[in-house]
Amino acid sequence: MGYWNSRGLRGDDLEEQINRTNELYREKGLALVQKIPTPIKPVRIDSQNRNITLAYFEQKSTVDYIGVVQGVAICFDAKETTKNFLPMGNIHAHQVAFMEEFKAQGGIAFFIVHFKKYDTYHFLPIEVLKPLYDEAQKGGRKSIPYEVFERVYAIPMERGIYLHYLKALENYMKAMSGQ
């Protein structure tokens, strides 16, 4: 999820890659996944350039993306880190709660995590994240080390542009069905 400050939205590179990937999936009839816009309230607008220069978030966002893949409902959020771990501070209680509710309804909820340091992308299912998140809330470790991210759920980059997260999703679905 990007955030707004004086330098504009951050985290946009990952989201732009995901947006391009989702467009390719839609064109090929593989999936229909949409970006959920974060509602903002403009406070100051540069009337000459028609740009928002100051804004605040009107409400908490749930997840970045929601959609369907071959009849399977999915939702996910995109996270980036420059470190060799994912800080739990990047993950919010309302996101975890929404993802758990989504999963309880039969959907698949996950995070796509980009480790900039290694230039790798990973699929992190909510059921892997949840115990680690709960532990952090009780005073435990406040991050998820890079080593925790399973290689089977690595997301390949294709043609230097597309994050083929459906491959990781397929591996996850096979593992969950016992194949």
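The values are calculated or read from the model by the stated rules, or taken from the named source; none is laboratory data. Quick caveat: nothing in here was measured; it's all calculated off a predicted structure. Reconstructed Cβ throughout: ideal geometry from the backbone, glycine too, with neighbour counts over all protein chains shown. SASA here: full protein model, heavy atoms, side chains in, ligands and nucleic acids out. Shrake-Rupley method; radii C 1.70, N 1.55, O 1.52, S 1.80 Å.
Six or more apart or on different chains, Cβ atoms under 9 Å: show the pairs whose first residue is in the stretch 111-131 and within 14 Å of Gln17 (Cα to Cα) and among the acidic types (Asp, Glu) and whose second is assigned to a strand (DSSP E or B) and open to solvent by 50 Å² or more (accessible area, probe 1.4 Å).
These pairs meet every condition: Asp119/Met157.
Can you tell me which residue in the stretch 143-159 is modelled with the highest pLDDT, limited to those that are of a type in the set (A, V, I, L, M, F, W, C) and assigned to a loop (DSSP other than H, G, I, E, B)?
This residue is Ile155.
Among what's in the stretch 6-23 and is open to solvent by less than 30 Å² (accessible area, probe 1.4 Å) and aliphatic (A, V, I, L, M), pick the residue that is modelled with the lowest pLDDT.
Leu14
Taking only the stretch 128-162 into account, find how many residues are surrounded by 14 or more Cβ atoms within 10 Å (Cβ to Cβ) and not small (Gly, Ala, Ser).
14
If you scan the stretch 36-78, which residues turn out to be under 18 Å from Asp13 (Cα atoms) and modelled with pLDDT of 95 or more?
Result: Tyr65, Phe76, Asp77, Ala78.
Just one of Tyr133, Tyr118, Tyr162, Tyr153 is farther than 22 Å from Ile91 by Cβ and among the hydroxyl-bearing types (Ser, Thr, Tyr); which is it? Give the steps one after another, and end with the answer.
Working: Tyr133 fails: farther than 22 Å from Ile91 by Cβ; Tyr118 fails: farther than 22 Å from Ile91 by Cβ; Tyr153 fails: farther than 22 Å from Ile91 by Cβ.
One residue alone meets the criteria, Tyr162.
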